[in-house]
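The values are calculated or read from the model by the stated rules, or taken from the named source; none is laboratory data. Quantities reported herein were computed from a predicted structural model and do not represent experimental measurements. Here the Cβ positions follow ideal geometry from the backbone for every residue, glycine too, while neighbour counts run over all protein chains shown. These area figures cover heavy atoms from the full protein model, side chains too; ligands, DNA and RNA do not enter into them. Shrake-Rupley method; radii C 1.70, N 1.55, O 1.52, S 1.80 Å.
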Amino acid sequence: ALRLLFKMLSSCSKVGDPRPGQPYKGGNFCAFLPDNREGQKTAMLLKKAFEHGLTFQIKSCNGDERVTWGLIPHKTSWDGGKARNGYPDAQYLREVCRVL
């Protein structure tokens, strides 16, 4: 399995974020892909999306601003099926590549 780790630091939001100038909390995020040709190709596309600022967004949660996953679906568990953001999910790689 491929494991993608993202460490998003706390900072202040910028123009274009929901509340510019407000501090937000970062966090650690983890996603999983199968370690095969399709999974490796998807990992490269996800890397490009991250480099373009498309992977995460800032949202208000109980009065606090925090980093959360954006609109690109990620598998955050290796098991549990689609209902728990995990595998097995036969359509995931096709769906995420379509989004990317």
How large is the accessible surface per residue of the chain, computed with a 1.4 Å probe and reported in Å² as a whole number? 67
Helix-only [θ] at 222 nm, the chain, -39500 (n - 2.57) per DSSP H run of 4+, per residue, nearest 500, equals -7000 deg cm²/dmol
Structure-derived semi-axes √(5λ) of the Cα gyration tensor in Å: which label, when the choices are [x] 38, 21, 8; [y] 41, 16, 13; [z] 27, 14, 11: [z]
Give the lysines whose C-alpha is closer than 27 Å to that of K75, dropping any in the same chain fewer than 8 places away, or say none. K7, K25, K41, K47, K48, K59
By how many degrees, between 0 and 90 and to the nearest 10, does the Cα long axis of helix 37-51 differ from the longest principal axis of the chain? 10
Which whole-number percentage describes the relative contact order of region 8-92, with Cα contacts under 8 Å and a sequence gap of 6 or more? 22
Note down the magnitude of the dipole of the chain about its Cα centre, charges +1 on Lys and Arg C-beta and -1 on Asp and Glu C-beta and zero elsewhere, to the nearest 20 debye. 100
Would you mind telling me which residue in G26, G80, G70 has the biggest mean-square fluctuation in a Gaussian network model of the chain, where springs connect alpha carbons within a distance under 10 angstrom? G80
Rounded percent of accessible protein surface that carbon and sulfur make up, the chain, 1.4 Å probe: 53
